[in-house]
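A.B. asks: Mind having a look at this structure? Questions to follow.
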Amino acid sequence: MAEKEWKPQILGIICNWCSYAGADLAGSARTQYPPDIRIVRVMCTGRVDPLFIMKAFIDGADGVLVSGCHFGDCHYLEGNYKAAKRMFILKSLLKNIGLEDKRLRMTFVSASEGAKWAVVVKDVVDTVTSLGPSPLKEFGH
Amino acid sequence: MARTKGYPEALEKKLADTRLYEDERHPEFTKTVEKISMTIPHMCYQCGTCTASCPSAPRSSYRIRKFVRRGLLGLEDEALTDPDLWLCTTCYSCTDRCPRDIAPTDVIMAMRNLAFKRDIIPVNFLKTVQAIYTTGHGVPNNDVNRAARKKLGLPADPPTTHGFPKYVKGIQYILDYFELKKNADRIVKEREG
Amino acid sequence: MREYAFFLGCIAPNRYPGAESASYKTAEKLGIKLLDLEGASCCPAPGAFGSIDLNVWYAMAARNLVLAEQMKKDIALICNGCYKSIWEVNHKLKHHKELREGVNEVLKGIDMEFKGTIDVWHLAELFYDPAIVGVQKIRDSVKVPLTGTRIAVHYGCHLMKPRKERHFGTTEHPTWMEEMVAALGAEPVEYRNKMLCCGAGGGVRGYDLVHSLDITNEKMINLMEAKVDALTEVCPFCQLQFDRGQIEIQEKFGVSYNLPVLHYCELLGLAQGMTPQELALDLHGISCEPFLKKVL
Amino acid sequence: MAEKKTKKEPAAKKETKKAAAKAAAPATAAPAASPEKALGKDARVGVYICHCGTNIAGSVDIPAVQEYVKTLPNVAHVDNYQYMCSTPGQKKIEDDIKEHKLTGIVVAACSPRLHEPTFRTATKTGGLNPFRFEMANIREQGSWVHMHDREGATSKAKDAIRIAVAKASLLQDLVPKSVPVEKAAMVVGAGVAGMQAALDLANAGIKTYLIEKNPTIGGRMSQLDKTFPTLDCSQCILTPKMVDVGRNPNIELMTYAEVAEVEGYIGNFDVTIRRKARGVLTPAEAEAKGIVGGGCNGCGDCDAVCPVIKPNPFEMGMKPRKAIYIYHPQVVPLIYTVDFDSCVKCGLCVEACGDKKAIDLEMKDELVKVKVGTAVLALGYEMFPIEKKEEWGYKKYENVVNSLEFERLICASGPTGGHLVRPSDGKTPMKVAFLLCAGSRDNTGVGKPYCSRFCCMYSLKHAHQIIEKIPGCQPYLFYMDIRSFGKMYEEFYYRIQDEGAKFMRGRVANVLEDPVTKNLIINAEDTLLNRPINLEVDMVVLAAAVQPSEDTDRTRKLFGVSKSMDGWLLEAHPKLNPCGTTTAGVFLAGVCQGPKDIPDTVASAEGAASAASIPIHMGEVELEPYFAQCIEEKCAGCGMCVNLCPYQALSLVEKDGRKVMQVTEAKCKGCGTCGGFCPGGAIWMQHFATPQIVAQIDAFLLGGEQ
């Protein structure tokens, strides 16, 4: 596939109430953004086990985006705080094991921020594209 | 203007104005203006706040709202050949008040830049260029002033390019880089002979 | 003593040297030392150069900025037009990579590079800023209070507008310069439409003098209505337009106002005890005598 | 994707050798004796691809996707259809479940937030458990956002379906839990929206708590003089409603109160209300304290003796009130209130009150707990602080007023008895300018980007009022567009124009004051004549933008309701569910959802009341069965999860001589915060279980084509 332009594989784990709704709104508004992201929906970013993200990286993901509600807006009061905390710790861990921590991104997109969702995705895709393929891609497969 | 329906020439001329959109529209013009001005004239909703803020509008036919509209529609010739283009005092009152967050003043500046590219420019602007090319100053020193300066205990020439003429070279380099002096001389000569 | 590179511009040194002289002296009394910025040129005139080609304007202003960068000093200046060129180009080049690269491409030819290491200030804002000078310190420096005079303020345009890019707050009803006038013992006077432009900017003075004077005339009418003894400003170009403009208004429209127009630094100089001779007030188009009589 | 020759099969599939050889596939490790049974065994998934007309088919190559899906593991049947949500579309699912013995359904169409309930019903009708359905979103997050990238959109659709199939293969039967619904409702805010909603709920036989932060009900509408376009007197049509609210036996009115805390979920909200210390006892409260025949009867003796004078906010500060006050004579309830911020506790009022003993200057805030099944938020609006747009001189020039101040000045019961006067000198203005879009439709960041929607119409009404009241008075309306969209509104515009109001098409640049006469000079452009105009008027009325009321943000967070970009509360769907929110059981009424005039406000209140009454009348609601469950074999009893749970749904219990976690299902809302943390992987989140999510991740990254 080397002759074809490399496109990053990015996993998005996003919460049902804010970011998923925001992503839907981007759709209703026909806001265009790059297609290089695949979404797994959870009810709350609090559900996101850091091991999910590790698993994605082991599987060869080039980037992971976790996106939830703004602080204070969590449908379950504070799941997003806890997720943010976990992602913060996980990021430092990634750095320590030699994977660029920029490959993991936590953002906050509300149900009304369709335009912001498009910006976030574009930014994540650009960041990951500039980092190139994940070094973990070579392992295991 | 192409004669499409075989009208007599006089009528053709009268009707020309109503066909602005088709014949004179340059979408590129809108984009170029936006690029130079770094603002968004295409978002104008024609409320008139800018014209009403304008110190020039009540005493002339200058309507900044009209220029923004021309920018939006891409009416390049109409915008650039209108002598009112040069009546903006750049006071930025319109920019401060525009509810659409457009900077109409910068739109005017961009249009003036584009007009200059077509040699449309009042001569006084070029004379400033010529003065600066020679002395580094738009308003140069004179003997009366030199005498006054000395009386005040200041050097006769200020410590600018006047006092240090060696710096004029750098200024000339910049102006030559953009061929500004050459163009200014040429246009002034054409106008004044 | 804080030190700044003093950017003179054109009109102050070449038409109103008293304003220049007063700036050095008044600033020094308030703890600011103004240093020569050797080789500075015209800012260049934002109306003229901005209208012809913004790229030339950026490059020329950047050259002046680099001179100060080489001195490792922030710039202080006393003219709103200069403020627009020097402050705004500094700000734009610092924040727009593309513009900066374009300008540096030009400056390379004269062995210069814009780095964005300094800031630009109007002397008036340094005077007003309590962290630097402040109104109290101005008040303390006054030796000859201007008691009994009514003074109106013309803020000018390019210092504070466009509001969003600047940091002066309101441009509809500012009062900070009135505070600085009151500090000199004078009575600051409000007048109708005080934020109206003097009419000179944007190349209009050169392009259509009568049009530009017509705007000035409107201001003069409003000022006369408020019965003021003098007008003060912080922009020599506005000063030129009001001062020499009154003579031109008389020529063109046949109306005379004889309203003295003083740069704030000149006014401050008077209050700090400088003589009219030290301020070269005789170079003004409109005689300051009636005003001086009230003060001295 | 295609470069990956290694195929990953869902772990539970028997014939997977390669997959088993690969790094730990957690899905294989279905916890023994755990809540889940043999996950994904013999899964047979049916996949349906929707064209949505050209919405999807226009940007996604559906035949290619269908061919691709056939190669996925566990896929037993693939079909596509024009509109899957139509009856024939749903019928396909119902029929195929039997015909192909399907165990899971995937529909690739729009967002699950739109049609998941539809297809779950179809799945159920077809004989499968409704939770064996999974949706692949290839419209909102596919074709619509990659409209010009057919290749990208098609490849994304393939992946989305592959991910959905992976999850559908592992779905389980789940049974929603039914919970009883408390036969009571709450309405927060007692303006016209809140009152209408409360009355509707109460009249439908539902006990309704009506909470109002001010001492009286009536809201903004009670401050208005007339209403457009019919010109009814606002108080005249509102007062009967206020009285109805006051005496409806099903409404428990709590004024001078605010919501302090909300717990629970639809059917069972436990709401704590803070009743602010009012300093005055109602007759009922007095009786409870044993004061016979006591309590406030609204006589006003206290008001007469109170020495403290403050501006009355009801009159926009243009009339005084005392420290013990009522807003106006028609207040409901007619009970005085002590403003403890300004009261000097001199005790004169207590003396004046005498034997009624209604005044208690030592009163403290009180917390009251109530249980309700559903709630309606009717939080209203306030005026944008238009002094922020300094060019118009509000709060700088005396004769510049905002429209709500104008309402009070022209109102017969207002501070001037209905005689419109200039604040500066009390003279009758003969030229009045109305500035429309003052702070609305403003993208500068200082004003509001939206249209405030009712200012055009009330400004027309204002123009009519001054023409009617002051002979010879000339109104000028400075407008950009007159938006008269409602029933009889355009006719009203016609009428006011005929009456002589002057319409100037141009936004006002600035307002200046003549310091001597205090007249105002308006600078605008008559854009239709293309001419700057300079108009001297006696008075300027700013039709200021409206914004959510001060308390909106705090209250919405208590109820878990989101806000839109502009701060108004976010509805569940802007068109199809404008009264609902994403929190089940919480509904929106009136302007708090977005600017509305009175008819629209009342209509939305009735809509919200109707929606809020449905669960109560049904008696029970089904909760989505996304509870956490403990896999006791894996639970180490560490208790980390107990503190993580925001709802106190988890606890540690002794079982077989060791500590394990236990879930109180009624309290669990299924966020999964515990499951995302448990170090032993001992928490099973139904429908979002770890193996299911990991299967989705694997399906995306490792492929799965055959």
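The values are calculated or read from the model by the stated rules, or taken from the named source; none is laboratory data. Nothing here was measured: the structure is a model prediction, and the numbers come from that model. Heads up, the Cβs are rebuilt from the backbone with ideal geometry, glycines too, and the neighbour counts pull from every protein chain shown. Heavy atoms of the whole protein, side chains included, go into the accessibility calculation; ligands, DNA and RNA do not. Shrake-Rupley method; radii C 1.70, N 1.55, O 1.52, S 1.80 Å.
A.B. asks: With every protein chain kept in the model, how would you rank C:MET274, D:MET488 by accessible area, 1.4 Å probe, largest at the top?
C.D. replies: From most exposed to least exposed: D:MET488, C:MET274.
A.B. asks: Using +1 at the Cβ of each Lys and Arg and -1 at the Cβ of each Asp and Glu in the stretch C:2-123, identify which of C:SER41, C:ASN14, C:LEU107 lies farthest towards the dipole's positive end.
C.D. replies: C:ASN14
A.B. asks: On to the next question. Which sequence of D:VAL175, C:VAL120 reflects their accessible areas, 1.4 Å probe, from the largest down?
C.D. replies: Ranking D:VAL175, C:VAL120 by accessible area, largest first, yields D:VAL175, C:VAL120.
A.B. asks: Could I ask something else about it? When chain C is treated as a GNM, springs tying every alpha-carbon pair under 10 Å, which of C:ILE215, C:ILE110, C:ILE151 comes out with the largest mean-square fluctuation?
C.D. replies: Checking each option, the largest mean-square fluctuation is seen for C:ILE110.
A.B. asks: Still on this structure, please answer the following. For the protein assembly as shown, with all protein chains present and a 1.4 Å probe, just round the carbon and sulfur fraction of the accessible area to a whole percent.
C.D. replies: 54
A.B. asks: Would you work out which of B:PRO165, B:ALA148, B:THR135 lies farthest towards the positive end of the dipole of the stretch B:54-193? Charges go on Cβ: Lys and Arg +1, Asp and Glu -1.
C.D. replies: B:ALA148
A.B. asks: State the Cα centre-to-centre distance between the stretch C:113-130 and the stretch D:310-339 in whole Å.
C.D. replies: If you average the Cα positions of each part, the centres end up 52 Å apart.
A.B. asks: Something else: For the pair B and D, how large is the buried accessible area, both sides, in square angstrom to the nearest 100, if the probe is 1.4 Å?
C.D. replies: 1500
A.B. asks: Please compute the Kirkwood hydrodynamic radius of the protein assembly as shown from all pairs of different C-alpha atoms, in Å with one decimal.
C.D. replies: Hydrodynamic radius (Kirkwood, Cα pairs) of the protein assembly as shown is 36.3 Å.
A.B. asks: With every atom except the alpha carbons ignored, what do you get for Rg and Dmax of the stretch D:286-394, in angstroms?
C.D. replies: Cα-based Rg and Dmax for the stretch D:286-394 come out at 18.0, 59 Å.
A.B. asks: Cut-off 14 Å, label point 7 angstrom out along Cα-to-Cβ of D:LEU334: give me the residues of the stretch D:255-291 whose amide nitrogen falls inside.
C.D. replies: Residues passing the 14 Å test: D:283.
A.B. asks: Report the residue, chosen from A:VAL121, A:VAL109, A:VAL40, that carries the largest GNM mean-square fluctuation when chain A is represented by alpha-carbon nodes joined by springs under 10 Å.
C.D. replies: Most flexible of the set in this elastic network: A:VAL40.
A.B. asks: Which residues does a label at D:ILE521 reach in the stretch C:225-263, if reach means a backbone N under 12 Å from a point 7 Å past the Cα toward the Cβ?
C.D. replies: C:225-226
A.B. asks: Take the Cβ-Cβ distance between D:LYS371 and D:ARG247 as r, set R0 to 25 Å, and report the resulting FRET efficiency rounded to the nearest 0.05.
C.D. replies: 0.55
A.B. asks: Take the Cβ-Cβ distance between A:GLN32 and D:ILE237 as r, set R0 to 51 Å, and report the resulting FRET efficiency rounded to the nearest 0.05.
C.D. replies: E(calc), rounded to 0.05, equals 0.55.
A.B. asks: Counting pairs of alpha carbon atoms under 8 Å apart in space and at least six apart in sequence, what relative contact order in percent does chain C give?
C.D. replies: 20
A.B. asks: Shape of chain A from its Cα gyration tensor (a ≥ b ≥ c, root eigenvalues): rounded if a/c is under 1.5, otherwise prolate when a/b > b/c, or oblate?
C.D. replies: oblate
A.B. asks: Taking only C-alpha pairs under 8 Å that are 6+ residues apart, what is the relative contact order of the stretch D:566-706 in percent?
C.D. replies: Taking the mean separation of contacting Cα pairs over the length of the stretch D:566-706, I get 18 percent.
A.B. asks: Once Rh for the stretch C:2-123 is found with the Kirkwood sum over Cα pairs, what is the Stokes-Einstein diffusion coefficient at 20 °C and 1.002 mPa s, in µm²/s?
C.D. replies: Diffusion coefficient, whole number: 149 µm²/s.
A.B. asks: Cα-Cα pairs above 33 Å in chain C: how many percent?
C.D. replies: Summing the P(r) tail past 33 Å for chain C gives 20 percent.
A.B. asks: Further question on the same structure: Quick one: grab the alpha carbon gyration tensor of the stretch B:123-192, order the square roots of its eigenvalues as a ≥ b ≥ c, and give me rounded if a/c is under 1.5, else prolate or oblate depending on whether a/b is larger than b/c.
C.D. replies: It is oblate, given that a/c is not under 1.5 and a/b is not larger than b/c.
A.B. asks: Given a Förster radius of 22 Å and the C-beta distance between A:LYS122 and D:ARG554 as r, what FRET efficiency does 1/(1 + (r/R0)^6) yield to the nearest 0.05?
C.D. replies: That gives a FRET efficiency of 0.05.
A.B. asks: The stretch D:139-162: which residues show an accessible-area loss of 40 Å² or more, assembly versus chain alone, 1.4 Å probe?
C.D. replies: Residues passing the criterion (a loss of at least 40 Å², heavy atoms only) are D:GLU140, D:GLN141, D:TRP144, D:VAL145, D:HIS146, D:LYS156.
A.B. asks: Determine the calculated [θ] at 222 nm for chain D from helices alone, applying -39500 (n - 2.57) to every DSSP H run no shorter than 4 residues and normalising by the residue count; nearest 500 deg cm²/dmol.
C.D. replies: Computed mean residue ellipticity for chain D: -8000 deg cm²/dmol.
A.B. asks: What Cys residues in chain B have no fellow cysteine's beta-carbon under 4.7 angstrom?
C.D. replies: Those would be B:CYS44, B:CYS47, B:CYS54, B:CYS88, B:CYS98, since no other cysteine Cβ in chain B comes under 4.7 Å of theirs.
A.B. asks: Taking chain C as a Gaussian network, Cα atoms linked when under 10 Å apart, which of C:LEU35, C:LEU213, C:LEU123 shows the biggest mean-square fluctuation?
C.D. replies: C:LEU35
A.B. asks: Further, regarding this structure: At 222 nm, what helix-only mean residue ellipticity would chain C give, in deg cm²/dmol to the nearest 500, using -39500 (n - 2.57) for each DSSP H run of four or more?
C.D. replies: -13500 deg cm²/dmol
A.B. asks: Could you let me know the centre-to-centre spacing of the stretch D:633-705 and the stretch B:45-89, using Cα atoms, in angstrom?
C.D. replies: 66
A.B. asks: Obtain the nm distance between the two label points defined at C:GLU98 and D:GLU468 by a simple spin-label model: each point lies 7 Å from its Cα along the Cα-to-C-beta direction.
C.D. replies: With each label point 7 Å from Cα toward Cβ, the separation is 5.7 nm.
A.B. asks: Mind grabbing the interface size between A and D? I mean buried accessible area, both sides, 1.4 Å probe, in Å² to the nearest hundred.
C.D. replies: Roughly 4900 Å² of accessible surface disappears when A and D pair.
A.B. asks: Using alpha-carbon positions, what is the distance between the centroids of the stretch B:118-155 and the stretch C:147-192, in Å?
C.D. replies: When both Cα centres are located, 29 Å separates them.
A.B. asks: A follow-up question, please. For the protein assembly as shown, with every protein chain kept in place, what is the accessible area per residue (1.4 Å probe, Å²)?
C.D. replies: About 39 Å² of surface per residue is accessible.
A.B. asks: Could you state how much accessible area D:ARG274 has, in square angstrom rounded to the nearest 10, with a 1.4 Å probe and all protein chains kept in place?
C.D. replies: Accessible area, nearest 10 Å²: 80 Å².
A.B. asks: Rank C:ASP140, D:ASP79, D:ASP301 by accessible area, highest first, at a 1.4 Å probe radius?
C.D. replies: I get C:ASP140, D:ASP301, D:ASP79, largest accessible area first.
A.B. asks: Using Cα pairs closer than 8 Å and at least 6 residues apart in sequence, work out the relative contact order for the stretch B:123-192, in percent.
C.D. replies: Averaging sequence separation for qualifying contacts and normalising by length gives 40 percent for the stretch B:123-192.
A.B. asks: In sequence order, what are the phi-derived ³J(HN,Hα) couplings for the stretch A:8-24 according to the Karplus relation 6.51 cos²θ - 1.76 cosθ + 1.60 with θ = phi - 60°, rounded to whole Hz, with x for glycine and proline?
C.D. replies: x, 9, 10, 9, x, 10, 10, 7, 5, 8, 10, 5, 5, 5, x, 5, 5
A.B. asks: Rounded to the nearest 10 degrees, what's the angle between the helix C:209-225 long axis and the longest principal axis of chain C, both from Cα atoms, 0 to 90?
C.D. replies: Here the helix axis deviates by roughly 50 degrees.
A.B. asks: Where a ≥ b ≥ c are the square roots of the eigenvalues of the C-alpha gyration tensor, would you call the stretch D:594-706 rounded, which needs a/c under 1.5, or, failing that, prolate if a/b is larger than b/c, or oblate?
C.D. replies: oblate
A.B. asks: Give the long-range amide H neighbours of D:TYR209: residues separated by 5 or more places, or on another chain, with amide H under 5 Å away, using H modelled in the peptide plane at 1.01 Å from N.
C.D. replies: D:ALA185, D:MET186, D:VAL187, D:GLU252
A.B. asks: Label-point separation (nm) for D:GLU287 and A:LYS85, each offset 7 Å from Cα along Cα-to-Cβ?
C.D. replies: 5.2
A.B. asks: Also, I was wondering about something else. How big a patch of accessible area, both sides summed and in Å² to the nearest 100, lies buried between B and C at a 1.4 Å probe?
C.D. replies: 5500
A.B. asks: Step by step: find N for chain B, compute 2.2 N^0.38 Å, then divide the Cα radius of gyration by it. What's the final number?
C.D. replies: Here the answer is 1.33, to two decimals.
A.B. asks: For q = 0.06, 0.12 Å⁻¹, what log10 I(q)/I(0) does chain D give under the Debye formula with an equal point scatterer on each alpha carbon and no solvent?
C.D. replies: -0.50, -1.24
A.B. asks: Right, here's the next one. Amide H of A:GLN9: which non-local residues (sequence gap of 5 or more, or other chain) have their own amide H closer than 5 Å, using H built in the peptide plane?
C.D. replies: Here the answer is A:ASP62, A:GLY63, since their amide H atoms fall under 5 Å of that of A:GLN9.
A.B. asks: With every protein chain left in place and a probe of 1.4 Å, what is the accessible surface of B:ILE36, to the nearest 10 Å²?
C.D. replies: Around 40 Å² of this residue is reachable by solvent.
A.B. asks: Keeping all protein chains in the complex and leaving out DNA, RNA and ligands, what accessible area do you get for A:MET106 with a 1.4 Å probe, in Å² to the nearest 10?
C.D. replies: Number for this one is 40 Å².
A.B. asks: Can you pull the one-decimal nm distance between simple spin-label points at D:LYS427 and C:SER287, each 7 Å off the Cα toward Cβ?
C.D. replies: The modelled label-to-label distance comes out at 4.1 nm.
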